[in-house]
Amino acid sequence: MDKTAIQTIFLDYDGTLHDSMHIYGPAFLKAYEYLKEHHGAPEKDWTYEEISQFLGQTPKEMWNAFGKDLTEEAKNKASSIISEEMRRLIEKGEAKLFDGALKTLRRLKEKGYALIFISNCKNYYLNAHAKQFGLDELFDSMVCSETYPGVEEKHRVLSIIKQDYPEEMIIVGDRIHDIEAGKKNNIHTVGATYGFAREGELREADLLIDDIRELTDIL
């Protein structure tokens with residue numbers, strides 16, 4: 001990878017810029033209480049490490065991994081609880097970015113890179129975080145999977161939007177979906193080891209970083 005040729009940086013959000021468990025953990029647990037009370041979910045003491053495996057997944061992947069036997073009604077209600085609780089926590093100021101995330105984005109923008117937000121999140125989530133942290137002033141474009149109904153998978157969304165930006169490109173993320181998205185689109189990949197990856201998820205990444213601030217050292 002010729003680092004001097006990079007012009008466009010696609011950035012995952014949860015686990016790459018956003019330390020998501022501050023809001024996702026409590027929201028998931030609230031939804032699980034509902035599922036226990038109304039839909040017979042088994043008693044379980046979830047750890048945040050266990051909950052974090054669902055971060056970065058599409059809703060379909062999350063429910064297939066966790067609650068495939070639940071009715072659609074139960075899934076929809078639990079999803080709504082998670083969404084509303086995260087929205088409440090964001091508005092309360094509970095969302096936290098990783099140390100140095102905003103400063104890193106500002107420095108990359110000052111260097112002239114095109115910065116593109118790409119996430120398997122919902123539109124309300126994107127908008128709430130953009131408002132909370134002023135992200136729309138730092139990113140050239142902000143895209144989430146819900147923007148493209150019926151597409152969802154990050155590699156497919158990336159294949160649609162990448163033509164709008166100058167090459168060379170990299171994608172930075174903490175989960176296997178980010179690395180696969182880059183590989184399937186012939187885009188260089190940077191794995192964020194400090195995020196929520198399971199063992200081995202980032203082994204195919206071209207580069208690894210242990211802190212978001214390292215991006216300004218390698219670019």
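Kindly provide the set of residues from segment 145-164 that are surrounded by 18 or more Cβ atoms within 10 Å (Cβ to Cβ) and either without any contact (Cβ under 8 Å) to a residue 12 or more places away in the chain or closer than 18 Å to THR8 by Cβ (or both), ordered by number.
Taking segment 145-164 as the starting set, the residues that turn out to be surrounded by 18 or more Cβ atoms within 10 Å (Cβ to Cβ) are 145-146, 153-155, 157-158, 162.
If the condition is that a residue be surrounded by 18 or more Cβ atoms within 10 Å (Cβ to Cβ) and either without any contact (Cβ under 8 Å) to a residue 12 or more places away in the chain or closer than 18 Å to THR8 by Cβ (or both), then LYS154, HIS155, VAL157, LEU158, LYS162 are the ones that fit.
If you take just the strands (runs of 3 or more DSSP E) that sit entirely in segment 169-219, which of them hold at least 3 residues that are within 23 Å of ASP99 (Cα to Cα), of a type outside the set (Ser, Thr, Tyr) and modelled with pLDDT under 95?
Details: elements: 169-173, 188-192, 207-209.
Correct list: empty, since no element meets the threshold.
With ALA130, ALA114, ALA205 as the choices, which residue is of a type in the set (Gly, Ala, Ser) and either buried (at least 20 other Cβ atoms within 10 Å of the Cβ) or touching a Pro at 6+ places or on another chain (Cβ under 6 Å) (or both)? Even if it seems obvious, please write down each step before you answer.
Values: ALA130 fails: either buried (at least 20 other Cβ atoms within 10 Å of the Cβ) or touching a Pro at 6+ places or on another chain (Cβ under 6 Å) (or both); ALA114 fails: either buried (at least 20 other Cβ atoms within 10 Å of the Cβ) or touching a Pro at 6+ places or on another chain (Cβ under 6 Å) (or both).
Residue meeting the stated conditions: ALA205.
Only one residue in ILE9, ILE23 is of a type in the set (Val, Ile, Thr), surrounded by 12 or more Cβ atoms within 10 Å (Cβ to Cβ) and either modelled with pLDDT under 95 or not in a helix (DSSP H, G or I) (or both), so which one is that? Explain how you work it out, then say what you get.
On the way: ILE23 fails: either modelled with pLDDT under 95 or not in a helix (DSSP H, G or I) (or both).
Of ILE9, ILE23, the one residue that is of a type in the set (Val, Ile, Thr), surrounded by 12 or more Cβ atoms within 10 Å (Cβ to Cβ) and either modelled with pLDDT under 95 or not in a helix (DSSP H, G or I) (or both) is ILE9.
For TYR13, work out the one condition from (1) of a type outside the set (D, E, K, R); (2) free of Cβ contacts under 8 Å to residues at least 12 places away in the same chain; (3) assigned by TED's automatic domain parsing to the domain that holds MET169 it doesn't fulfil.
(2)
Only one of PHE98, PHE139, PHE117 is in contact with a Gly (Cβ under 9 Å, 6 or more places away or on another chain) and aromatic (Phe, Trp, Tyr); which? Outline the logic, then answer.
Numbers: PHE139 fails: in contact with a Gly (Cβ under 9 Å, 6 or more places away or on another chain); PHE117 fails: in contact with a Gly (Cβ under 9 Å, 6 or more places away or on another chain).
Going through PHE98, PHE139, PHE117 in turn, the sole match is PHE98.
The values are calculated or read from the model by the stated rules, or taken from the named source; none is laboratory data. Owing to the predicted nature of the structure, the values given are computational and were not obtained by experimental measurement. Glycine also receives a Cβ, built like all others from the backbone with ideal geometry; neighbour counts cover every protein chain displayed.
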